[in-house]
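Student: Okay, handing you the structure first.
Please treat every number below as a calculation from the coordinates, not as lab data. Keep in mind it's a predicted model, so treat the numbers as computed, not measured. For neighbour counting, all protein chains shown are included, and Cβ atoms are generated from backbone atoms with ideal geometry for every residue, glycine included.
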Amino acid sequence: MGVNVMNLRKNHGFGLIEVLVALAIMAVGLLAVASFQSGLIGESAESKARAEAVAIAQDRIEQIRNYTDVAYDSAAFDTLFADISEGNATTFTGSNTVFTRTETIVEPNDTKEIDVIVSWVDVSGANQQVVLSTEISWESPSLEGELDNESSAPLVRSATGRAELGAGDVLDSDNVVKELGELLGLIDRGDGDLRLSSGEDVVLTLKDACLLDDEGARTEVPCTDFVKISGRVFIDQTTQATNPTDVFVIASDAAFCQRYYLTNKYDALGNLIAVDVPTDIKDADISNFATKPNGDYLYYYYTCYLGGGWHGNIGLLVTAKNNSQDTVKACVGDPTSLDAYADPEVAIRRVYRGMAFKYIDDAHTQKEMNGDEIVYYTVGVADALQLPDPDDETQVPHDFVISSISGSDGSECISEGIMVRGDSNDGSEFAGNPTSFYCLNQNVNFVDQIKLDALDYGVDEACPFDPSDPPNQKHTISGVVNISAPLNDVNTVFVRTTNVNTSDGPLNCVVDTDSMTHDGSNYVLPYSCDVYQWTNPWSGYLQVTPNLNQFTCTRYRKRFTSIGDDTFNIDFQCENKIDNGIYGNIVISGNNSSLATAINISGDVNEFGDNTCSTDIKPDYSCATVNFLNSDTWSGTVTLSGTKLCTKVVSDPDGVVTINEDASSKATIITITNASSGNISIDISDEQAGNPKCP
C-alpha cells in the first residue's frame, strides 16, 4: 500500500495564534521592564533632587553661622536676623528641578532659632521639602582672631554634611556587614539610611544613602558609602612619654573616629590565617605600637567616618600628660618637601575644606566678584571619598607626630629631630604628609559635586588661603627670576618650567613666561604672587623652584616677616649648572704623505694640544678647532711653518678658506672666516725643488 510522505515529515514554524500569544506575553514583559526602568530613573532623579536640596539648605546654614562677616555688633545682628516666617525666598536651578529656599526666624530668648526650608516639585508633581534648623546667638567677631593651632584652641566652624550622629542600638534583626576588620559594622535596614555601628551601638547615620522605590522599598542599587579619612598618630619617644591609649582622634560635628593597630591573626593551632588585621588599641600591649628597628616612635592608625558634604577638623585630644612636660604638641606637614607651603607645622588639628566661586552667567565664564576680588564659598567633601585612596599609591596617610617641641615654629619639627628620627628614614616616612590645612580643590573628585551643581559653583585647582581663618587684605609681591644661561632652544624649554610659590600654597603665584626675555647673559622671567594679610601683616616664604637638574640658585627662599603693602623688585638669581648647548667644531685634515719633515701648526686650532695637530702622523693629519655652538660660526687662522709648503684645498663646503704666504717668514697662513661646524680638507706637501710652483 502507498505511504503518504508528507505525513512523515516534521512540520516547522508557528501558527498565527501562537505568534499573537507570544507578542502579547512579550508586550507585557517589555511594559514591566519599561515601568521598572522609568521608576528607577525617577527614583534616582528624586534622590538627586533631595541631595541637592539638602546641600542648598546646608549652604545657607553655614552662611548664617558665619554672620560675623557682615554683623559687627549686636544691633546689626538683630537687624540681620529679624523675626520672619518663611521669608527671604530665593530660587535655585538644580540638575532636574527648580528649588525655592525660605527661612523662618524666631527669638524665644537670647537665641535665634532658624529653620531653612528648601522646597520643590518632584517628577510626579508632588510637593517636596527638606528643613534644616540651627540656633545662633551674638558673639563678638574679635574672638575669631584668637583661633590657633594649640591643643586648647577651638575648632573652626564646620558643616555636618549628610551624616548625623547615630542613635539607638543594633537590633537583633539587623544584618551587620563587618567594616574595618571586625571593629565596626554597616547596617542597611531598608529605610534609605546607612548606619555605622560600634559594638552594640549605632554611632553614625548617613541619611538617604540608599535608594528607595515609589513604594518605599529598597532597590538593588548599592548604598552610598561613608566618607573615610585615615592616617596615623606617632608619639616621639625622645620628647614624649604619653601612652597611645591616652591620645584620641576626634572630628568635628557628625563623625566617628576609630583607633586601631594592625596585627596578624592565628588559629588555635598557631597557624597564620590573616595578616594586618585591624585591632582596637584598647586590646594591645604597648610593645605593639613601637616602630622598627629603633623604637623611635609609638604609633597607631585611625579612620574617621563622615558624611558627604562635611568640612571641618580632625584633631587630637590628649587625656593624660607626662608630668614633666608642660604641653603636648604635634608636627604635621612634609619634612622632605622642597616647597615652603608643604613645610612642617606645629598643629594639633587639621582643617579640611574646599573653596568654590559662583558663576554669574550661563556660559560659566564670569565669576562673582567683590571689586577686584573673587568671592569664595566653602565646599565640603564628596560622597564616599576615601583619603588616602587605597587604590592610589601616590596618596599618603594623614599623620600627626606628637612631641613636646620647645617652640611653635614648624622648622623645629626637623631641627629638633621630631620627624626625622632613624625609624622615619630621615623623614621619608612622612613624605607628602599634609599640613594643618588640607585643600579639597587639589582634586576635582574630592569636592562635593552635589553642592557645586545645586549652587552653580566652580573650583580652581588650589586654595589661595586657608578659609578657616580668612584674611582681610591681599597684597602683591613681584619681581623677576634671572637665570644665567646661553640663549638656545634647550635652555628655553627648561627655563619655562620655573615655578614660584608662597608658603600659603602652590598656585598663589603667576610666572609670566610670555613676557620672558634674554638680555644677552640672563633669561629674565617676571613673576607676581598674591599674599594675604590677617590681623597682622603677612609673614611667610617666597620660593623659586627652577628645574633643579639644570639650574642652581644663590637662594631659593626669601622670608618675609611684615608685608603690609604691595612689594616690588624681589628678584632671584640662578645659573646654568648643565650646559645645554648643542656644539660642534671644524676639523681641518688632509694628506701629508710627501712631507719630508714635520712642520709646526699654530693658531686657534691648538686648543687640544700639540699631538692633536701633529704632522708626524702619516699619511694624514687632522686638527680641530675649539668647540662652539652650532648656532654660531667660527673665524680664525691656522699657520703652517717650518719650510715652504704647497697647499691644496680639497674640500671647502662653505667657501670660507683663503690661503696666503707670509712674505717675511715664508709661513703659510690659512684663514677661515665665519665657518659653520664641519670638515675642511687641505693637502700639504713640500715645494718641489727647482719648481717654485706647487703641483
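Student: Looking only at Cα atoms, what is the convex hull volume of segment 230-362 per residue, in Å³?
Tutor: In segment 230-362, the Cα hull volume divided by residue count equals 208 Å³.
Student: Can you sort Met369, Met516 so the residue with the fewest Cβ neighbours within 10 Å comes first?
Tutor: Met369, Met516
Student: While we're here: Would you mind computing, in nm to one decimal, how far apart the modelled labels at Thr245 and Thr535 are, each placed 7 Å from Cα along Cα→Cβ?
Tutor: Taking the two extended label points, one gets 4.1 nm.
Student: How charged is the neighbourhood of Lys358? Take every other residue with its Cβ under 9 Å from the Cβ of Lys358, and add Lys/Arg as +1 and Asp/Glu as -1.
Tutor: -1
Student: Let's see if you can work this out: charge +1 on each Lys and Arg Cβ, -1 on each Asp and Glu Cβ, no other charges. What is the dipole magnitude of segment 473-576 about its Cα centre, in debye to the nearest 20?
Tutor: That gives a dipole near 360 debye.
Student: Within a Cβ distance under 13 Å of Tyr523, other residues only, what is the Lys/Arg minus Asp/Glu net charge?
Tutor: Once all neighbours under 13 Å are counted, the net charge is -4.
Student: Right, here's the next one. What is the fewest-to-most order of Leu184, Leu595 by other Cβ atoms lying within 10 Å of their Cβ?
Tutor: Neighbour counts put them in this order, fewest first: Leu595, Leu184.
Student: Provide the FRET efficiency to the nearest 0.05 for the Arg557-Lys282 pair, computing r from the beta carbons and using R0 = 41 Å.
Tutor: For Arg557 and Lys282, the calculated efficiency is 0.35.
Student: Computed FRET efficiency, Cβ-Cβ of Lys644 and Asn674, R0 51 Å: what is it to the nearest 0.05?
Tutor: 0.95
Student: What does the highest-first list of 534-541, 76-83 look like by mean Cβ count within 10 Å?
Tutor: So the order, starting with the most tightly packed, is 534-541, 76-83.
Student: Full-extension gain between Ala384 and Gln473, please, as 0.36 nm times their residue separation minus the C-alpha to C-alpha distance.
Tutor: Taking Ala384 through Gln473 to full extension adds about 28.4 nm, to one decimal.
Student: Working out 0.36 nm times the residue gap between Thr365 and Ser408, then minus their Cα-Cα distance, what length gain in nm do you get to one decimal?
Tutor: 11.2 nm
Student: Report the FRET efficiency, 1/(1 + (r/R0)^6), for Thr658 and Val493, where r is their Cβ-Cβ distance and R0 is 41 Å, rounded to 0.05.
Tutor: FRET efficiency, Thr658 to Val493: 0.55.
Student: Same structure again: For Lys367, list the lysines whose Cα falls under 25 Å from its own Cα; do not include residues on the same chain fewer than 8 positions away.
Tutor: Within the straight-line cut-off, Lys367 pairs with Lys358, Lys451, Lys474.
Student: A follow-up question, please. Once fully extended, how much extra length lies between Ile374 and Gln63, figured as 0.36 nm per residue of separation less the alpha-carbon to alpha-carbon distance?
Tutor: Stretched fully, the Ile374-Gln63 segment lengthens by 110.3 nm.
Student: Apply the a/c threshold of 1.5 to the C-alpha gyration tensor of segment 222-280 and tell me whether it is rounded, prolate or oblate.
Tutor: oblate
Student: Right, here's the next one. Looking at this model, which pairs from Lys618/Lys648; Lys178/Lys228; Lys207/Lys282; Lys618/Lys666; Lys178/Lys265; Lys265/Lys292 are more than 26 angstrom apart at the alpha-carbon?
Tutor: Lys207/Lys282
Student: Could you check the simple spin-label distance between Asn569 and Val510, using points 7 Å along Cα→Cβ, in nm with one decimal?
Tutor: So the label points at Asn569 and Val510 sit 2.3 nm apart.
Student: Another question about this same structure. Debye sum, Cα scatterers, segment 227-459, no solvent: what log₁₀ I/I(0) at q = 0.15 1/Å?
Tutor: Here log10 of I(q) over I(0) equals -1.04.
Student: Given the peptides 559-565, 254-260, arrange them by the average over their residues of other C-beta atoms within 10 Å, most packed first.
Tutor: Listed from highest to lowest mean packing, they are 254-260, 559-565.
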